[in-house]
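To start, the structure under review is shown below, and the notes come after it.
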Amino acid sequence: MEKAHAVKTREVLVIGGNRYFGKRLIARLLAAGDRVTVLNRGSSPPPPGAVHLVADRDDEDALNAALGTRSFDVVVDQVCYTPRQAAVARRVFTGRTRRYVMTSTVEVYEYEDSAALVPEEAVDLLGVRVDIELPWEDAEFAESHYGEGKRQAEAVFAAGADLPWTAVRVAHVLGGDDDFTGRLQHYASRLRAGDPITVPTVNRPATYIHVEEIADFLFWAVGEDFTGPVNAASHGTLTTRELCEAVAAQVQQGRTVFRAAEVGAVSPFAFRRGYAMDNSRAAGLGFVFGDARQWLPRAVAETLGTVN
């Protein structure tokens, strides 16, 4: 009888990730038998079974001190928002891990405007100007430059060959009873009151992914060895109207009223530019995506608390 090959236990470090799809990723890693270390500033403990390290990831000396002599098979960075953070991470983790997985965003394509689905190469990372001297430590500045911060952070990793890395460009995430963004709840409250939902005069569709699916994707990416950016989005695009229809189906006596605006602020998930993501690369690498229209009713029900 042939002996079964032992599955190697992986050493995985997750930076941040104690809420939403990050906590689901940690649960998947622990269930798979991985040795998981969670590093954060001590704001919340990790789940039982994970090792907890406390450090400010922006403080390079403190980060090195917290890590000590530890090394990892994979690092999953859930909270890298700026090129300065990426530069620190690249210095600290080069030689400590065989693979670095950065959670990025569809917002790196914020300057695109395409009727076709946007592939990874639409952003030339080697051509991105990196400026670590901008006031990235200012929370208001960092939030208003979210896409730019992520884009420059990716460019920092792309500039060197010393650390194998991938950036998972995450589509807009929906679902779960712990969706902290309040975006679907915003629609529900507007529909209940019959208040108008402001959308652009030309309103572009977008790509989305369910909270459980992105946790599955990140878990899958931990075990792969591809490098460079990769788009993570369910098949199909959704319009603001489709989202509102899905919410209206869960809201009694709701009424959908749209108000078009050529300029100014618009509702969540309403887009003047077209930058829905092409998921062909990830699908070609072996990940099987679901269809956004199929899981959307469940996602809305989870978030609004109307699951039967």
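Cβ-Cβ distance of Gln253 and Gln185, R₀ of 22 Å, FRET efficiency by 1/(1 + (r/R0)^6): the value works out to about 0.85. On the accessible surface of the chain, probed at 1.4 Å, how many percent belong to carbon and sulfur atoms? Answer for the chain: carbon and sulfur cover 51 percent of the accessible area.
How long is the gain from Ala159 to Ala260 if the chain were fully straight, where each residue apart is worth 0.36 nm and the alpha carbon distance is subtracted?
32.1 nm
Taking the DSSP bridge list for the chain and keeping only pairs wholly inside it, about 10 percent are antiparallel.
Note on Arg241 and Asp124: with the Förster distance fixed at 45 Å, the Cβ-Cβ geometry gives a FRET efficiency of about 0.85. Gain on full extension, evaluated as 0.36 nm per residue between Ala116 and Asp131 minus their Cα-Cα distance, stands at 2.4 nm. When the chain is treated as a Gaussian network with alpha carbon springs shorter than 10 Å, the biggest mean-square fluctuation among Gly176, Gly68, Gly149 belongs to Gly68. Can you tell me how the chain classifies by the Cα gyration tensor, rounded, prolate or oblate, using a/c under 1.5 as the rounded cut? Prolate shape, in that a/c is at least 1.5 and a/b is the bigger ratio. Think of a 1.4 Å ball rolled over the protein heavy atoms: segment 195-308 then has 46 Å² of accessible area per residue. Only one residue of Ile15, Thr37, Cys80 has its Cα farthest out toward the positive end of the dipole of segment 1-123, where Lys and Arg carry +1 and Asp and Glu -1 on Cβ, and that residue is Thr37.
A full extension of the chain between Lys8 and Asp56 corresponds to an added length of 14.2 nm, given 0.36 nm per residue minus the alpha carbon distance. Reducing segment 109-130 and segment 150-170 to their Cα centroids gives an inter-centroid distance of 14 Å.
Across segment 159-167, coupling constants 3J(HN,Hα) worked out from phi with the 6.51/-1.76/1.60 Karplus curve, θ = phi - 60°, read 6, x, 10, 8, 9, x, 9, 9, 10 Hz, and Gly and Pro carry x. Here the convex hull built on the C-alpha positions of segment 131-270 has a volume of 150 cubic angstrom per residue.
Once the Cβ-Cβ distance of Arg272 and Ala66 is raised to the sixth power relative to R0 = 45 Å, the FRET efficiency obtained is 0.55. Taking Cα centre as origin and charging only the Cβ of basic (Lys, Arg, +1) and acidic (Asp, Glu, -1) residues, the dipole magnitude of the chain rounds to 680 debye.
GNM on the chain, alpha-carbon springs under 10 angstrom: the most fluctuating residue among Arg84, Arg255, Arg151 is Arg255. Only helical runs count toward this figure. For the chain, summing -39,500 (n - 2.57) over DSSP H runs of n ≥ 4 and dividing by all residues gives -9500 deg cm²/dmol at 222 nm. Solvent exposure of segment 1-158, expressed per residue, is 51 Å² of accessible area, with all protein chains present and a 1.4 angstrom probe.
The values are calculated or read from the model by the stated rules, or taken from the named source; none is laboratory data. Since the structure is predicted, the reported quantities are computational estimates derived from the model, not experimental observations. Glycine also receives a Cβ, built like all others from the backbone with ideal geometry; neighbour counts cover every protein chain displayed. Ligands, DNA and RNA are stripped out before the accessible areas are found, and what is left, the full protein with its side chains, is counted by its heavy atoms. Shrake-Rupley method; radii C 1.70, N 1.55, O 1.52, S 1.80 Å.
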